[in-house]
Structure formats: C-alpha cells, structure tokens
Amino acid sequence: MAMTVDDLLASARERIRRLGPHETAAACRRGALLIDIRPTVLRRWEGEVPGAVVLERNVLEWRVDPASAHRLAGITDHDCEIVVMCSEGYASSLVAATLVDLGFASAADLDGGFQAWAKAGLPVRNARRRNRLRAAS
C-alpha cells in the first residue's frame, strides 16, 4: 500500500523536535539558525522574522550540508542547531526530518509556522497583510 502525505508527515514528526514560537525565539537567542523556507510571495504577504535566513526549498540541503561547497559560511559541522519555518508548520516538518537524515540531530521545526510566530506577538517586519488590515479598520 502506498504511503499518504499524512503518513509521510507523521513519520517525519516522529523523528524531529517541534518547537512553539516562544521556544523557537529562545533557541534563536542561544544561537540557533532559523531557516525560512516560505516562497517569496508568502514572505511578502505575511511578513518576515528578523534574523531568519531565507533558503529556497530547492537548494536547502546544499546550503546546510557542512560538506557542501555551497554551504552557508556559518555551518561548519552537524552540531549547528537549526529550526525550520514555513507558513503553517507542515512543509517545515518534512524539511526538518531531511536535516535529521543529513546528520543534524537537533533539527526542529516551528510548530504552526510563521503564522503561529506572528500570532504569538513575536517580531515581524514588512507584513503586507497586517498593513492592509490596519488600513481597512
């Protein structure tokens, strides 16, 4: 029997840590790398988390693998704590599981994604949706 996307997601989540918005903010304060995998259009619409590193999904593994010639300069080994963020916390779970497979044992995702971060009142910049909602109020 073929696996469903729900099965794939459940399997991924069994292998990763899921952090809430305030846990993610605390991880960032202690030096974790927050990676935003949302497409450009969502970042423009929803806003951005200051300090998050934007990595397009199609190059992420090459940018974080310490053995890759295309890695981010700050990633020199698998001890780097990485938290992955998408819009709602689904795709980020799959990516975090991939990072675990690459050897990042502490890889995690932001449970609820950017939307949970913003709802928790944590710092957001350039949110077009918010600006439009305020203007309409």
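The values are calculated or read from the model by the stated rules, or taken from the named source; none is laboratory data. Because the structure is a prediction, the values reported are computed rather than measured. Note that we place each Cβ from the backbone using ideal geometry, even for glycine, and neighbour counts take in every protein chain shown.
General remarks:
- Single residue of the range 78-103 satisfying the filter (assigned to a loop (DSSP other than H, G, I, E, B) and acidic (Asp, Glu)) that is nearest to Pro21 (Cα to Cα): Glu88
- No other residue among Leu110, Leu55, Leu99 is surrounded by 14 or more Cβ atoms within 10 Å (Cβ to Cβ), in contact with a strand residue (DSSP E or B) (Cβ under 7 Å, 6 or more places away or on another chain) and free of Cβ contacts under 8 Å to residues at least 24 places away in the same chain apart from Leu55.
- The range 37-54, residues that are over 21 Å from His22 (Cβ atoms) and part of a loop (DSSP other than H, G, I, E, B): Pro39
- A residue that is modelled with pLDDT of 95 or more, touching a helix residue (DSSP H, G or I) at 6+ places or on another chain (Cβ under 7 Å) and outside any loop (DSSP other than H, G, I, E, B) occurs nowhere in the range 65-77.
- The number of residues in the range 1-55 that are closer than 20 Å to Ala120 by Cβ and basic (Lys, Arg) comes to 6.
- Scope the range 1-32; condition of a type in the set (Ser, Thr, Tyr) and exposed (fewer than 15 other Cβ atoms within 10 Å of the Cβ); matching residues: Thr4, Ser11
- Selection count, the range 1-31, where residues are more than 13 Å from Leu94 (Cβ to Cβ), touching a residue at least 12 places away in the same chain (Cβ under 8 Å) and not polar (S, T, N, Q): 10
- Scanning the range 2-22 for residues that are hydroxyl-bearing (Ser, Thr, Tyr) and assigned to a loop (DSSP other than H, G, I, E, B) yields a single hit, Thr4.
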